[in-house]
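See structure below.
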Amino acid sequence: MTHPVRNIIIVGGGTAGWLTAGLIAARHRSLIPASFKVTLVESPNTPTVGVGEGTWPTLRTTLARIGVSETDFFRECDAAFKQGARFAGWTTGAADDAYYHPLMLPQGFQQINLVPHWLAAGGDRSFCDAVSPQGRLCDDGLAPKTITTPEYDAVANYAYHLDAGKLGAFLQKHCCEQLGVRHVRADVRHATLSDDGDIRSIVTEQAGEIEGDLFVDCTGFRSLLLGQTLGVPFRDCSDVLFCDTALAVHLPYESEISPIASQTISTARSAGWIWDVGLPTRRGIGHVYSSNHISDDEAERELRAYLGPLGADLPIRKLRIPSGHRETFWKANCVAVGLAAGFLEPLESSSIVLIELSAKLIAEQMPACREVMDVIASRFNATTHYRWGRIIDFLKLHYVLTKRTDTSFWRDNVRPETIPDRLRELLLLWQYQSPWFHDEFDRIEEVFPAASYQYVLYGMGFRTEVEPAALRGDARLAERALRENAAQTERLRAGLPRHRELIRKIHEHGLQPV
Ligand SMILES: Cc1cc2nc3c(=O)[nH]c(=O)nc-3n(C[C@H](O)[C@H](O)[C@H](O)COP(=O)(O)OP(=O)(O)OC[C@H]3O[C@@H](n4cnc5c(N)ncnc54)[C@H](O)[C@@H]3O)c2cc1C
């Protein structure tokens, strides 16, 4: 090896920077500091975005892999459980228009696709309730596990809602104290390049010049290294996903014992939607909208109306959220993770999960030397392109299935030219066969599996043609699975604690360490 890769420089200390540092350092721990170094350089002056509050179940594995205790995580990150998302007003906008995208797979999913059986039985009951207990658990305000369930184990599959600012500080402490990550607080002014186009070093204001073998750009929307230094262009996706602005606010609970929702609530509005995330100490609420379809003042009025009297005078933070991603993610010896790679509206909390998947891929595929880096980079780019494409499709699915015609935002969203080709083809196919796990969602670590498509499609009233005679072969298996779901729903409803109560116990007693 003429140019071994030993010196990893991560620039940026938001969720992306610290998760990447943690995953790389945990994976290569035995080599640190003898022959391998991970340094995170973070500006003391530029704040992190600090919004991202909804996550995917993958974060459980990621935190366990980094080596933090789940109890400490709950106590220090103001974390709560997330069991899925409830979408209100997306299909018709009527008062009773709502469906769940839960995190549990449909009952018996590995053996049988229940969609055609549910459709053949009329398909009039909630698809989620017919095949999964989780919507009912959310409605009842229950937690997905008990105080005796070990750390990171689940009774019902779960992710988290969390305070992103606190997560960064929590990970920083662990990475520096337990995993040997070097933390440099300095502003990067510019990067220097070698003759072959690689980044040779970053030049900082407070800590001088820092050289490295591999640079991970986690500088947020700035994309300082990949975008600005290496000139990788931004691919705009606002022709598909229109939302480009967010208004965010923290709302206090009415009282210390108010229930905490364990689902993200996404309520459609005239030109976008409002997220509502319950943390133990407050709710995080925000309006994501298309500034081409509504003015900022009108968007704020819609948000204040949602907040009610408690939110009348609360300060609101406005963020521009570009819709899109870099044309490539790993160029030369620089790879971007997090907002530096791109951003899509947070409708399905797809940003942090993509950070986890990218950071894990970098950690696992860490090139041994510069000579093989381009091979790894090209694999990374192919996988990451695929993932961005699937996230765009999945987010757009929520919009194309709407029957709302009340505003130009909803009407524009179903215009055929705004629908990606692959999604259009799948929608055609799904008229005749429902998505299942044999579908083409065949990649390892698919961000949204076929089950997610089922919940959104049939939650929003999509219909697939069913030939009842063709279902006779596995009718008994289907009946058994549907019965088992009803029984499991009642068992879990009787046995699980209230969400706030479990969080109180975790703070007081802790979960059983693994
Ligand atoms: C409105 C909104 C809602 C969101 N909701 C969700 C959600 O529910 N779920 C989800 O998964 N994601 C969500 N996200 C995305 C999520 O917030 C981000 O993916 C996550 O915070 C990662 O951000 P980051 O670390 O890439 O960037 P940032 O948080 O912006 O961090 C950038 C870092 O780079 C540093 N930096 C910048 N310039 C320099 C420099 N010159 N020198 C040194 N350091 C520098 C900064 O100091 C900072 O430490 C949301 C985002 C927005 C905007």
- Item | J(HN,Hα) series, the range 76-85, from Karplus relation 6.51 cos²θ - 1.76 cosθ + 1.60, nearest Hz, glycine and proline x | 9, 10, 6, 7, 9, 7, 10, 10, x, 10
- Item | Note, ³J(HN,Hα) from phi for the range 39-50, Karplus 6.51, -1.76, 1.60, rounded to Hz, x at Gly and Pro | 10, 10, 9, 9, 5, x, 10, 9, x, 6, 5, x
- Message: Can you report the principal axis dimensions of the range 160-319 using only the alpha carbons, biggest first, rounded to whole angstrom?
- Response: 59, 42, 25
- How would you rank 353-361, 176-184, highest first, on the average number of other Cβ atoms within 10 Å across their residues? 353-361, 176-184
- Item | Relative contact order (percent, whole number), the chain, Cα cutoff 8 Å, 6+ residue spacing | 25 percent
- Flagged as over-length at 22 Å C-alpha distance, from 166/396; 82/145; 173/360; 318/360; 82/166; 145/166, the pairs are 166/396; 318/360; 145/166
- Query: Near the amide H of residue 369, under 5 Å away, which other amide H atoms are found, from residues 5 or more places off or on another chain, if H is placed in the peptide plane?
  - Reply: 5
- Query: Given H placed on each backbone N at 1.01 Å, which residues far from residue 200 in sequence or on other chains put an amide H within less than 5 Å of it?
  - Reply: 192, 193, 194
- Message: With θ taken as phi - 60° and the coefficients 6.51, -1.76 and 1.60, list the Karplus ³J(HN,Hα) couplings across the range 255-270 in order, rounded to whole Hz; mark glycine and proline as x.
- Response: 8, 5, 10, 4, x, 10, 5, 9, 10, 6, 9, 10, 10, 5, 10, 5
- Helix-only CD estimate at 222 nm, as mean residue ellipticity for the chain, using -39500 (n - 2.57) per DSSP H run (n ≥ 4): -10500 deg cm²/dmol
- Task: Go through 228-236, 463-471 and give me the packing order, highest mean Cβ count within 10 Å leading.
- Result: 228-236, 463-471
- Task: Working from the alpha-carbon coordinates of the chain, get Rg over Rh, Rh being the Kirkwood radius.
- Result: 0.97
- Using a 10 Å cut-off on Cβ atoms, rank the peptides 392-400, 12-20 from the highest mean neighbour count down. 12-20, 392-400
- Query: Where q = 0.17, 0.19, 0.24 Å⁻¹, what log10 of I(q)/I(0) comes from the Debye formula for the range 309-361, counting one point per Cα?
  - Reply: -0.64, -0.74, -0.98
- Query: Once the whole set of protein chains is in place, how much accessible area is left on residue 30, using a 1.4 Å probe, in Å² to the nearest 10?
  - Reply: 110 Å²
- Other-chain or far-sequence residues with amide H under 5 Å of residue 183's (modelled H): 40
- In bins 10 Å wide, starting from 0, what share of all Cα pairs of the range 263-358 does each bin hold, as a percent? 13, 39, 30, 14, 3, 0
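What is the percent carbon and sulfur in the accessible area of the range 121-232, measuring with a 1.4 Å probe over the protein chains and ignoring ligands?
Summing carbon and sulfur atoms, their accessible area is 43 percent of the total for the range 121-232.
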- How much accessible area per residue does the chain have, in Å², with a 1.4 Å probe? 41 Å²
- Coordinate range along principal axes, alpha carbons of the range 106-247, Å, largest first: 67, 45, 36
- Query: Which residues does a label at residue 488 reach in the range 85-106, if reach means a backbone N under 18 Å from a point 7 Å past the Cα toward the Cβ?
  - Reply: 85, 100-106
- Using a 1.4 angstrom probe on heavy atoms only, work out the carbon and sulfur share of the accessible area of the range 277-322 in %. 51 percent
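The values are calculated or read from the model by the stated rules, or taken from the named source; none is laboratory data. None of these values were measured; they are calculated from a predicted model. FYI the Cβ positions are ideal-geometry reconstructions off the backbone, even for glycines, and counts take in every protein chain you see. Please note that ligands, DNA and RNA were not included when accessible areas were found on the heavy atoms of the full protein model with its side chains. Shrake-Rupley method; radii C 1.70, N 1.55, O 1.52, S 1.80 Å.
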